[in-house]
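Read the figures in this text as sums done on the coordinates, not as results from a lab. If you're wondering where the values come from, they're calculated on a predicted model, not measured in any experiment. Here the Cβ positions follow ideal geometry from the backbone for every residue, glycine too, while neighbour counts run over all protein chains shown.
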Amino acid sequence: MAQPLRIEPDVQFIRELQAVGGDSLKKCYQCATCSVACPISPADNPYPRKEMIWAQWGLKDRLLSDADVWLCHNCGQCSDLCPRGAKPADLMSAMRNMAYQKLAPCPSIGKWMSSSKGLLILTAIPAVIFAVIWAIMAAIDFGGNFKGSIFPQGEVVPGKIFYGDYTIDPVFILVTIFVVSAFFTGVKNLIKSIGPVGSTMMLGKKKNLLVCLLEVITLEILPHAKFSQCGDNTEEKKFRKYGHMCLLFGFIALAVVTGCFFLGHWLGRIEAFRPIYMEVPLSFANPFKILAQLGMVLLLVGLTLLTVRRKNQDPAKQTSSWYDWYLLGVIWVVALTGMFTQFFRLADWAVLTYIIYYLHLVSVFMLLAYLPWSKLGHLVYRTAAITYIRYMGRK
Amino acid sequence: MATKIGIYFDQSAIGGGLDVEALAEGAEQRWSDIAPVVKLFPVLAAESARKEIAQDIEENELDGVLICGTSARVDWDLYRFDNVQVERVSLREGCVMAYKNPDGSLLDPDGEEAPELLRLMAVDYVNMGVIKLQKSNVPAPEISESTRRILVLGGGWTGITAALAAAKAKMPVTLVEQSAELGGRAKGFLKTIPLKAPHDKVQDTGLEAKIQELTANGDITVLTKSTLTRLAGSPGAYTATIAGPSGEQSVEVGAVVLATGWVSQDKKVLEPLGYGKSPNIVTAEEFEKMAKTGGITARRVAFILDTKLCMPACDCDGAQAEEAVTADVAASQPEAPAAEGEEAPYVYEDMESVKHLPFSNAVSSVVALKQAGYVADLAPDAIAYILYDSMVVQGVHERFYKAAQDNPSIMLTKADIREVAVDGGGLLVRADNTLLGGSIELAVDLVVLPTGMVPTTAKEPIMQFEYRQGPAFPDLSLFNGYADSNYICFPYETRRTGVYAAGCVRQPMTLDSAEEDAYGAALKAIQCIESVNRGVAVHPRSGDLSYPVFNFVRCTQCKRCTEECPFGALDDDEKGTPKPNPTRCRRCGTCMGACPERVISFDNYNIDQIGSMIRDIKVPDNMDVGGPRVVILACENDALPAFDMAAMRGMPWSPYVRIIPVRCLGSVNAIWVADAMSKGIDGVMLMGCKYGDDYQCHFVKGSEICNRRKENIAETLDRLGVEPDRVAQYQVAIDDYNAVPAMVDEFMKMIFEKGPNPFKGY
């Protein structure tokens, strides 16, 4: 007879899980419909049934070391078919939300990100930073643009307040360092928690980790392979796949523009790279400017698709947590403020342009600086988990 | 004795080319002396026809009406006439629809002329109908003084509810409670499982309010610290002797509600689950007490519902059968010495067994859910585990289960308990095959085991009947002591008319079910009293006016009737002369079937009547020419409707049989078989209900007793040189309609193989 395994439930953990989106988890009665319904769950040791009982029993350690929550792409088939309304898909989301809260350092940010109560302080941080910068720039009458007003005079150029070289770039370089180091710790924690559990005997040579990463990106992430496997190709499900695609490619486009501009702007100052020097605002004929416009349109289309989908969800089957709404909300603000800054600038409406641009900076900060604690963290964690699992021999 | 009979034929119901006019003419000729009216109606089931019959009754002073057409189970409400006996001859379902040719071919429904065999069958049935009426009287029961008071035994939740229900129906009530205070088990509950919608939260029992209402009710006399020591008499006129603090007193009561509840099972059976090893291993009953007094300090509590460890190692069929046999022997022991007339002290068989643990599982399950909720409420980090083999939550309790399951502090899993071990100051529960995917070990502070609920009737006779058949309900070992009667159709009824069981004495149950039980039993008690005072049977032949009449002149004091009555209706005097108690009687006729001297009869159902009907069947002298004849004595509750349904569904049977309904196979007297055999009838089929431990007989013992008597009949036949298998008994349920025609045909095949009854032609 097998040696019994000591079980020590953590009731507090159950309540936390319920708070981050798994409120129906106790309703499960282990019929296993979910595991059968899931289109991508493996035949051996399938999810999400086992996660349901672990969650009901508050088995924190098992759940935190469970890589399967990252394999789930939240199509909601399991929740649709659950006879008890236990919403396993919501639990899997909740588990990921829990990971966003716990994996990276600075637990207080995780705490603030976990509910609407933290929104004020999260907004206040960038709001204050950029307000101070604005105030300083106005006080020193930067570039002689202000002339005693708090708004720069003359041609409308946002760079008159937030001149990249001295304001935006230093701030976001710091943010990037902060985020990358947070992700480093987060991914380390993630891999550690998954541990060797689930490793499979590999025949032949073990694949290189980088090869695995490349495979994951090219075979799974970019073509949205799992989204296609997830569920039938109903209109509603297509909404999700195409919405996600628009957002992903929109962000890639914007990241390319930002990255190239950054390189051009700084490297261009060196004599040898003079020809690639760039300065804002770019002209509309610039291919990067065109790419940026395309990115903006993709963002707006993707946002609309995903928001409509979430709004139309049957609350008895699947619910949206704070994490979902926070991310959607912030991206909405980023995209809209970005768009309107450009419109108002071209319309020559100085006051509105500057105020909206200020809000744009605040929202971009909120999107980037808190990334490891937000739902967008899945960009890194899910990729890391899937890559690691592939590396360990599972698919 | 019907002396002036009107015979009516319903042409609309009779097809198959049967010449109804010739049939009527034949009846008119044969019964001219007693049947002044013989009429044909194109449609009999009509108000106009009914009026005409009523007119005939008045003009010709008819005292009997014979309706020849549809089955007696059709339009029974249409043919009721005051003070006139009505008999039905089923020419439709019993003849035309049941007919098939001897070669198996079916009757041509549009045929011009009916086959001769069908005509003979119809004639036989009409003649038997007339004879039945001729040998029947309208019963006129004597109505004796009766009391309306209802005695409620047990002052717990069920008893109080029953007493209040009866009092609200304007019945005076005496409630007897053994202990000093009312309330019983429910008094010890901290909370109860939900009793009202939405059924998801524990609640206060509301017992105090119930008790207050009870004590304030002037129609209810409450006797505490009292027990019933004797119940003499019969329904409507019981004398209950009640021993209380101020001595014995007699109370006249009409009916009894038995609500004496349960006692806790011997905790020894829980030892395999660790009971006794630690003070922290308790039963649910003990835990409830701890909760009530606020004495729970444990924060991790395991509720164990899987009791397989407590059950005997070998639970195979052989062992069970053996156990059942010993139980039967034990049950019959107390009666055996009495039958021999020796004075032996009465010993009541203790029917408590380990089985009461699983029997209580439905209650234990919801109780565990309730008590787990107590634990969850103690502290935010408190944990209640429920380890079950089967979580049994009945009906609306599912909602309570769901609510408990939704509680973050309650952990549920199916589990095979391996052991409960003491580990330092704490306890370890080890279990296999859990939902967590294997064997687990839980460290807990307290283990709560289920409480087996043993009905009080398993331990003591309780009722203390002063009946010839003893002070307790008979055969309770069949039900492990629960005061049940296996009456799926008639809950609350016991084997003693006038006593109705409710609550946990009948079956382990929760307060809501017990409340419903209490109302049911109170209604039954009222029905009993309201039937007795009109001289009619209570149940299952509700409203039957007939009752057994004894012709004591010929009685040989053989005691068969007193011993065989399934309901203990008959007492006897020192010499053994039976003393009938009509209000205890259910009119099944088992006594009539038992009596070798044919002393017992009913006005409208008797030995002579059925015997005459059998003797009137026309039996062809030569079986090869006219075919054999077989009589079927069919239980009118199940077998007869099964035949009706078979006919209606187009499943006919042999044309050589004649079906005669009987009240119960228990009422079949051996003389009827002798009558049939001496008449030259080639076989007798006895078709009645299933018997044995899982009997389906309305009258519990009828078909079983018939089977026993059949052995004697077979012996007698054998001595006379008649093959004993010419008499056979069949067990038929009401829904066996698809099987009965084949049973008949199979029997007929056997008769054809044997050839004619050797007595034929004598």
Fill in: Integer Hz, Karplus 6.51/-1.76/1.60 couplings in order for segment B:296-312, x for Gly and Pro
8, 10, 5, 10, 10, 10, 9, 9, 9, 10, 7, 10, 4, 4, 7, 7, x
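To make sure I understand, if each residue's beta carbon is the centre and we count other beta carbons within 10 Å, what order do B:Cys635, A:Cys75 fall in, fewest to most? Before the final figure, lay out each step's value.
On the way: B:Cys635 29, A:Cys75 23.
The fewest-first ordering by Cβ neighbours comes to A:Cys75, B:Cys635.
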Worksheet item: Which of the listed residues, B:Gly576, B:Cys558, B:Ser601, is farthest toward the dipole's positive end in segment B:549-601, when Lys, Arg count +1 and Asp, Glu count -1 at the beta-carbon?
Response: B:Ser601
Item to complete: Could you let me know the centre-to-centre spacing of segment B:497-545 and segment A:110-141, using Cα atoms, in angstrom?
Response: 78 Å
Fill in: Which listed pairs, of B:Lys51/B:Lys135; B:Lys196/B:Lys292; A:Lys226/A:Lys317; A:Lys207/A:Lys289, have C-alpha distances above 29 Å, in listed order
A:Lys207/A:Lys289
Item to complete: Scan around B:Arg418 for amide H atoms under 5 Å from its own, H built in the peptide plane at 1.01 Å from N, and keep only partners 5 or more places away or cross-chain.
Response: B:Arg430, B:Ala431, B:Asp432
Item to complete: Could you state the angle between the C-alpha long axis of helix B:740-754 and the longest principal axis of the C-alpha atoms of chain B, as a value from 0 to 90 degrees rounded to the nearest 10?
Response: 50 degrees
Item to complete: Find how many whole Å separate the alpha carbon centroid of segment B:62-91 from the alpha carbon centroid of segment B:369-422.
Response: 61 Å
Worksheet item: Which far-off residues, 5 or more places away or on another chain, put their amide H under 5 Å from the one on B:Leu412, with H placed in the peptide plane?
Response: B:Ile386
Worksheet item: In deg cm²/dmol, rounded to 500, what helix-only [θ] at 222 nm does chain B give when every DSSP H run of at least 4 residues adds -39500 (n - 2.57) and the total is split over its residues?
Response: -9000 deg cm²/dmol
Worksheet item: Farthest toward the dipole's positive end in chain B, which of B:Pro548, B:Val392, B:Val422, given Cβ charges of +1 (Lys, Arg) and -1 (Asp, Glu) about the Cα centre?
Response: B:Val422
Fill in: Test item: Cα-centred dipole of the protein assembly as shown, Lys/Arg +1 and Asp/Glu -1 on Cβ, debye
6560 debye
Practice prompt. Run the dipole for segment B:549-601 about the Cα centre, Lys and Arg Cβ at +1, Asp and Glu Cβ at -1, nothing else charged, and hand back the magnitude in debye, nearest 20.
Written response: 220 debye
Worksheet item: Do the sum for chain A: with -39,500 (n - 2.57) for every DSSP H run of n ≥ 4, divided by all residues, what is the mean residue ellipticity at 222 nm, to the nearest 500 deg cm²/dmol?
Response: -19000 deg cm²/dmol
Practice prompt. Sort out for me the Cα centre separation of segment B:726-762 from segment B:117-147, rounded to whole Å.
Written response: 25 Å
Worksheet item: Label A:Cys31 and B:Asp110 with points 7 Å out from Cα along Cα→Cβ: what is the distance between them in nm?
Response: 5.4 nm
Worksheet entry | Most positive-pole-ward Cα, A:Trp332, A:Pro275, A:Val308, against dipole of segment A:272-341 from beta carbon charges | A:Val308
Item to complete: Quick one, could you list the DSSP H helices from chain A stretching 15 Å or more along their long axis (Cα atoms) with average Kyte-Doolittle hydropathy of 0.5 or above?
Response: A:119-139, A:168-194, A:235-267, A:287-311, A:322-347, A:350-369
Worksheet item: Restricting to lysine pairs 8 or more places apart or on different chains, what number in segment B:605-762 have Cα atoms under 19 Å apart?
Response: 9
Item to complete: Would you mind checking the tilt of helix B:317-332 against the longest principal axis of the Cα atoms of chain B, expressed as 0 to 90 degrees and rounded to 10?
Response: 80 degrees
Worksheet item: For B:Lys355, which lysines qualify as cross-link partners when the Cα separation must be under 24 Å and same-chain residues fewer than eight apart are set aside?
Response: B:Lys267, B:Lys268, B:Lys277, B:Lys308, B:Lys370, B:Lys414, B:Lys459
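Just want to confirm a number: the relative contact order over chain A, from Cα pairs under 8 angstrom separated by 6+ residues, in percent. If you can, show how the numbers build up before the last one.
On the way: 480 pairs, mean separation 90.8, N = 395.
23 percent.
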Practice prompt. Net charge near A:Ser374: determine it from the other residues with C-beta under 15 Å of the C-beta of A:Ser374, scoring Lys and Arg +1 and Asp and Glu -1.
Written response: +4
Worksheet entry | Cβ-placed point charges (K, R +1; D, E -1), dipole of segment A:108-391 about Cα centre in debye, nearest 20 | 1040 debye
Discussion item. Using each residue's phi in segment A:11-23, evaluate 6.51 cos²θ - 1.76 cosθ + 1.60 at θ = phi - 60° and report the 3J(HN,Hα) Karplus result to the nearest Hz, with x for Gly and Pro.
Written reply: 5, 4, 5, 4, 5, 5, 4, 5, 6, 9, x, x, 4
Worksheet entry | Rounded if a/c under 1.5, otherwise prolate or oblate - segment B:1-138, Cα gyration tensor axes | prolate
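Averaged over its residues, how many other protein chain Cβ atoms are within 10 Å of peptide B:400-408's Cβ atoms? Spell out each step's value before the answer.
Numbers: counts 0, 1, 5, 1, 1, 7, 8, 3, 13.
Counting Cβ atoms of other protein chains within 10 Å of each residue's Cβ and averaging gives 4.
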Discussion item. List the residues, sorted by chain then number, that are 5 or more residues from B:Gly438 or on another chain and whose placed amide H is less than 5 Å from its amide H.
Written reply: B:Asn433
Practice prompt. Report the Cys residues of chain A lacking a disulfide-compatible partner, meaning no second Cys Cβ under 4.7 Å from their Cβ.
Written response: A:Cys28, A:Cys31, A:Cys38, A:Cys72, A:Cys82, A:Cys106, A:Cys212, A:Cys246, A:Cys260
Worksheet, complete the sentence: For chain B, the longest principal axis of the Cα atoms and the Cα long axis of helix B:361-378 enclose an angle in degrees, to the nearest 10, of 30 degrees
Item to complete: Enumerate the calculated ³J(HN,Hα) couplings along segment B:609-615 in order (Karplus 6.51 cos²θ - 1.76 cosθ + 1.60, θ = phi - 60°), each rounded to whole Hz, writing x wherever the residue is Gly or Pro.
Response: 4, 5, x, 4, 4, 4, 5
